[in-house]
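Working notes for the structure below.
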Amino acid sequence: MDQACPSCGNRQIEKGVLSAGFSALQLHKKGQLHSKSSPVGARYCSKCGHILSLYVENPDILGGHEADSPKSN
């Protein structure tokens, strides 16, 4: 993806993982704190540090949308 930083125009965008101390931040489904989780990744500008996006690294672990699930009959 060729995208420029909206803050400084730099085109070198890097990927990283949000962390707190010695552990990566984990995302759980709402109301399911003890369920499986996924690290939260980020895309950021290598020059000024502007964060362009946050994303779940493993969305399949969290489960899909109900609309995407097969309906049981």
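What FRET efficiency do you get for LYS36 and GLN3 if R0 is 35 Å and r is their Cβ-Cβ distance, rounded to the nearest 0.05?
With a Förster radius of 35 Å, E is 0.70.
Enumerate the calculated ³J(HN,Hα) couplings along region 55-62 in order (Karplus 6.51 cos²θ - 1.76 cosθ + 1.60, θ = phi - 60°), each rounded to whole Hz, writing x wherever the residue is Gly or Pro.
8, 7, 5, 10, x, 5, 5, 7
What list of ³J(HN,Hα) couplings, whole Hz, do you get for region 24-39 from phi and the Karplus terms 6.51, -1.76, 1.60, once you set θ to phi - 60° and write x for glycine and proline?
6, 5, 10, 9, 10, 5, 4, x, 10, 4, 9, 7, 4, 9, 9, x
At 7 Å along Cα-to-Cβ for each site, give me the label-to-label distance between ALA20 and ASP60 in nm.
If labels sit at ALA20 and ASP60, their model points lie 2.8 nm apart.
Values quoted throughout were computed directly from the atomic coordinates according to the rules given, and no laboratory measurement underlies them. What you are looking at is a predicted structure, and each value in this text was computed from that prediction instead of being measured. Quick reminder, even Gly has a Cβ in these numbers, built from the backbone with ideal geometry, and neighbours come from all protein chains shown.
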